[in-house]
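Student: Structure in structure tokens, see below.
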Amino acid sequence: MARILLVDDDKPLLEMMQATLAARGHEVTATDDPVRAFIFLADALRPVPDLLISDVMMRGLDGLSLAKRVQNEERLKSLKILIVTGSVSIDDSVKKAPYVAGFLSKPFLIDSFHLAVSAALAK
């Protein structure tokens, strides 16, 4: 299955996403800190995950800025990114960005989450 990095500062939601992905056989790393997520991703000794799932509105570094920073790192350019957000106002240029593999609006059903993950991984 896939290696997935989850980033969301909503700890109950983060734990739910982690548990449901792990139950489906994915290797999941989760953090509520987007800066820590970037440090994890930038570590050349770690394999690049297959998918980054990130919330947008987080303290310290928002998910869209995290996605852009990831894409500025040569070794991370192939990383697929699924944006999870409670915000309905995501700029069209972000939606069309080549590094964005999909969007999922909060709140969501577990089935919708798994469909979005599968679609993002298939891109």
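The values are calculated or read from the model by the stated rules, or taken from the named source; none is laboratory data. Note that the structure is a prediction, hence the values are computed from the model and not measured. Reconstructed Cβ throughout: ideal geometry from the backbone, glycine too, with neighbour counts over all protein chains shown.
Yes or no, residue by residue, for (1) crowded, with 16+ Cβ neighbours inside 10 Å; (2) within 11 Å of the chain's Cα centre (by Cα); (3) not aliphatic (A, V, I, L, M):
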site: Ala22; (1), (2), (3): no, no, no
site: Pro47; (1), (2), (3): no, no, yes
site: Leu52; (1), (2), (3): yes, yes, no
site: Pro107; (1), (2), (3): no, no, yes
site: Leu115; (1), (2), (3): no, no, no
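Student: Go through (1) small (Gly, Ala, Ser); (2) more than 17 Å from Arg3 (Cβ to Cβ); (3) surrounded by 15 or more Cβ atoms within 10 Å (Cβ to Cβ) for Gly60 and report which single condition fails.
Tutor: Every listed condition holds for Gly60 apart from (3).
Student: Next up: From the list Ala122, Ala67, Ala97, Ala101, pick out the single residue that is at pLDDT 90 or above and surrounded by 12 or more Cβ atoms within 10 Å (Cβ to Cβ).
Tutor: Ala101
Student: Failed condition for Asp10, given (1) modelled with pLDDT under 95; (2) crowded, with 20+ Cβ neighbours inside 10 Å; (3) over 12 Å from the mean Cα position of the chain (by Cα), with all others met?
Tutor: (2)
Student: Just for segment 67-81: of the residues that are in contact with a helix residue (DSSP H, G or I) (Cβ under 8 Å, 6 or more places away or on another chain) and in a loop (DSSP other than H, G, I, E, B), which one is nearest to Pro12 (Cα to Cα)?
Tutor: Leu79
Student: Here is a follow-up. Out of all the residues in segment 51-63, which are within 21 Å of Ala122 (Cα to Cα) and in contact with a helix residue (DSSP H, G or I) (Cβ under 6 Å, 6 or more places away or on another chain)?
Tutor: Leu51, Ser54, Asp55
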